[in-house]
1. Residues that are in contact (Cβ under 8 Å) with a residue 60 or more places away in the chain, under 21 Å from the mean Cα position of the chain (by Cα) and on the phi < 0 side of the Ramachandran plot: find the strands (runs of 3 or more DSSP E) completely inside segment 283-378 holding 3 or more of those.
2. Out of all the residues in segment 184-195, is one or more part of a helix (DSSP H, G or I) and within 30 Å of Asp103 (Cα to Cα)?
3. Kindly establish whether Tyr334 is assigned by TED's automatic domain parsing to the domain that holds Ala50, farther than 20 Å from Glu51 by Cα and modelled with pLDDT of 90 or more.
4. Look through segment 210-232, keep the residues that are of a type in the set (Val, Ile, Thr) and within 21 Å of Lys195 (Cβ to Cβ), and return whichever of them is modelled with the lowest pLDDT.
Amino acid sequence: MDFKNKKLIPVAIFGGLLLIAVIIRMNPPEAPQRPVFSGPMMTVETRVVAETNYPIMLESYGTVQPRTRSILVAQVGGQIVSVNPNVRDGGFFEEGDVLANIDARDYEADVRIAGASLMDARQTLAEAEARTNQAQEDWARLGNTGEAPDLVLRIPQLKAAQAKIISAESTLQKAELNLERTNIVAPFAGRVLRKLVDLGQVVSPNTQLAEIYATDVVEIRLPLRNRDLPFIDLPESYRYTGVTRKSGGRVEIRSQLGGDESWEAILVRTEGAIDEIARQLHVIAQIDDPFGRDHEYHAPLKIGQYVTARLEGKTLPHALVIPNNTIYQGAYVYIVENEILRRRDIEIAWQNDDEAVIGAGLEPGDILVTTALGQVTSGIRVTVVGEQGERRMGRNQQEIRK
């Protein structure tokens, strides 16, 4: 190939490339078009957020304790000669029942001795009064004028005799009281927690006989969470006037022991200090007639029984209440705006196991998504089923007919 032909090769190549570029420019390739989105990507159920008057019910727990608990002790010593058959662990008794008897023979003898001493003292007083009257008459018969001296009238001896009367009467009263105390009498209607002595045992004064408690009322000490305190009226009695500043609400007590049973109670007082261990405030609920004397219960309450409680709190006006299962990570929910899914941050004012009262983040009329959502992105299109979806479809059909 000669030199001239070699010079024409680059020119031909450049011309060919230029021709290809012109052809491509005149007929550009068409890029694939994304299909126009014509339908929703997700179907959700919703509910309209609305205001309501919401009664707060607080939850707590505790154990049943008697309001009145006593240790029954002997006030005199001696041998126990009889025991009431009801004085057994768990036995019931009525006020005034004789629960046990101590051998009374020594005390009966003391009563007779004290009675004899009183009779002797009365005899001595009568003699002293007679001598005093005789001395007064002798003073006047001898023609003395003025008041006779006390020693002449034997006044000191008269006062000594009167003092012996008082002493003898007191001794007799004490002996009769000790005799009466040989009968161990129930101070109230109650029940026996523990029996500590039995028939034939010799006891001394202040020996513990049994642990008992009254059955008219029992109490449950209920802790309240600090965040629940603003939502309940606490019973507080003012010291000086005794006027209850806040009345206690109703309480429902429930227990699973022996079956699902419930009792009605009422808050009667608030403890005066925060519990140092739990750092919580405790309130006291009271159950009247817990053992069913006036009401038939299937399973009477037991002292120490664990129970749960639902306390009647305040009623919140214009509250926004939503189910807990619509709240994610305790901080946000999803709502629908113009068929678009939106994330909305919220603040929870109060919450139980099922529902939450919203303090901020939602407004009446917001459409809350109730469908459980996984990892979704705010801003995607959705279609609504249920009541809200039917209303929207009805509006769309009306617009089409127009």
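The values are calculated or read from the model by the stated rules, or taken from the named source; none is laboratory data. Just so you know, these numbers come straight off a predicted model, no measurement behind them. Methodologically, a virtual Cβ is constructed for each residue, glycine included, from the backbone with ideal geometry; neighbour enumeration extends over all protein chains shown.
1. 306-323
2. No, there is no match, as no residue in segment 184-195 is part of a helix (DSSP H, G or I) and within 30 Å of Asp103 (Cα to Cα).
3. Criteria not met by Tyr334.
4. Applying the filter and picking the extreme gives Thr215.
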